[in-house]
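Shown next, in structure tokens, is the structure this report addresses.
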Amino acid sequence: MHGVSITQNQKKQMELLMAEKLLPFTREKIEHIVRKYPTPFHIYDEKGLRNNAKRLVKAFSWAPGFREFFAVKACPNPSIMKILKEEGFGSDCSSMAELVLAERVGITGENISFSSNDTPAEEFVKARELGAIINLDDISDIPFLERHAGIPE
């Protein structure tokens, strides 16, 4: 095994990338939460989510009409989806469950991008009912979509 040699500049860049991340709560607060709620559980930082969402939207503000779609499969949590909806994000869905989650948090129409593989007819039907943008794997899916759910305008 050989050692890796890095320059001082590379070392400084790595240190900046690995800067200390601070938790949005104290040790005492987390100990209180653990006593109150059974583990395991997830804690989300709403302020951090909103700040990062705003940074992403701002980073693409140069592109008129740009819209970010949150991949629901990454975190199918209605509370997170609501926060991201409030920050202007749509939902990227790939299954019936994800379409239903989006609908239940008030995300419909072209605020949903539906992309799926080997998609059952009922999922195309639901996506059409919601007015979602439908992405197809390839041209051979067009007759199936047309037969079962109709072709969007």
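The values are calculated or read from the model by the stated rules, or taken from the named source; none is laboratory data. Everything quoted here is computed from the prediction, not taken from an experiment. Here the Cβ positions follow ideal geometry from the backbone for every residue, glycine too, while neighbour counts run over all protein chains shown.
Conditions (1) of a type in the set (Ser, Thr, Tyr); (2) part of a loop (DSSP other than H, G, I, E, B), marked per residue:
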{"residue": "98", "(1), (2)": "no, no"}
{"residue": "103", "(1), (2)": "no, no"}
{"residue": "113", "(1), (2)": "yes, no"}
{"residue": "119", "(1), (2)": "yes, yes"}
{"residue": "128", "(1), (2)": "no, no"}
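Here is a list: 47, 21, 82. Which entry is at pLDDT 95 or above and either among the charged types (D, E, K, R) or within 12 Å of the chain's Cα centre (by Cα) (or both)? So that I can check it myself, show each step before the final result.
Values: 47 fails: at pLDDT 95 or above; 21 fails: at pLDDT 95 or above.
Just one listed residue meets the conditions, 82.
Okay, residues lined up against (1) of a type in the set (S, T, N, Q); (2) part of a loop (DSSP other than H, G, I, E, B); (3) out of contact with any Pro (no Cβ under 6 Å at 6 or more places or on another chain):
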residue	(1), (2), (3)
39	yes, yes, yes
50	no, no, yes
53	no, no, yes
61	yes, yes, yes
67	no, yes, yes
73	no, no, yes
80	no, no, yes
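Could you check residue 88 against (1) crowded, with 17+ Cβ neighbours inside 10 Å; (2) small (Gly, Ala, Ser); (3) not in a helix (DSSP H, G or I) and say which number it fails?
(1)
Condition first: crowded, with 20+ Cβ neighbours inside 10 Å, touching a residue at least 24 places away in the same chain (Cβ under 8 Å) and of a type in the set (D, E, K, R). Now tell me which residues in the stretch 91-125 satisfy that.
Selection gives 98, 123.
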